[in-house]
Amino acid sequence: MTLEEVSRNYNIDTKKLILFEEKGLTGCRDKNGFFDFRADDIQRISLILALQDIGMDIGDIRHYLSLCPKGDKSIEGRIRLLRKQRYRLLEEIHEKQKVLDSLDFMIYKMKEEEKV
């Protein structure tokens, strides 16, 4: 499939597909430099999008993808990367919770002042 076909059929921005290629996450060009996507390329792109959706950065995505061809031998390494991302996400949640707590306290104080 061409770049435009993949973009249209899977609702993925062409710029994003080109970026994946430029960052070395995919290898979807033929010998003449044209995009030529196969079924396994689509699966890889789907995985890249899923990893992006969970907030993984390009470097960790590249590392994760490098482990995939090793199959079962790389499961621990892939789980380690996913756990690392989970930890990052929890840290973000905790930081947001602190902000939310501060906001709630400000509202509480204002309501208390209003009663006076």
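Some observations on this one:
- The relative contact order of the chain, computed from alpha carbon pairs under 8 Å that lie at least 6 residues apart in sequence, is 17 percent.
- Charge dipole (the stretch 7-116, unit charges on Cβ, about Cα centre) - positive-most of Asn9, Ile93, Gly33: Gly33
- Karplus (6.51, -1.76, 1.60) ³J(HN,Hα), θ = phi - 60°, over the stretch 10-23, in Hz, Gly and Pro reported as x: 10, 6, 10, 4, 4, 4, 5, 5, 5, 4, 4, 5, 4, 7
- Backbone N within the stretch 11-35 under 18 Å of label point (7 Å from Ile58 Cα along the Cβ vector): 13-29
- Each Lys and Arg Cβ is given +1 and each Asp and Glu Cβ -1; about its Cα centre, the chain then shows a dipole of about 420 debye.
- At 1.567 mPa s and 4 °C, Stokes D of the chain from Kirkwood alpha-carbon radius, µm² per second: 75
- A simple packing score, the average count of other Cβ atoms within 10 Å per residue, orders the peptides 94-106, 16-28 as 16-28, 94-106, with the highest score first.
- Residues with amide H under 5 Å from that of Arg29, placed H, sequence gap 5 or more: Asp36
Values in this text are rule-based calculations from the coordinates and carry no lab data. Just so it is clear, the model here is predicted, and its values are computed rather than measured. In this analysis, Cβ positions are derived from the backbone assuming ideal geometry, glycine residues included, and neighbour counts consider all displayed protein chains.
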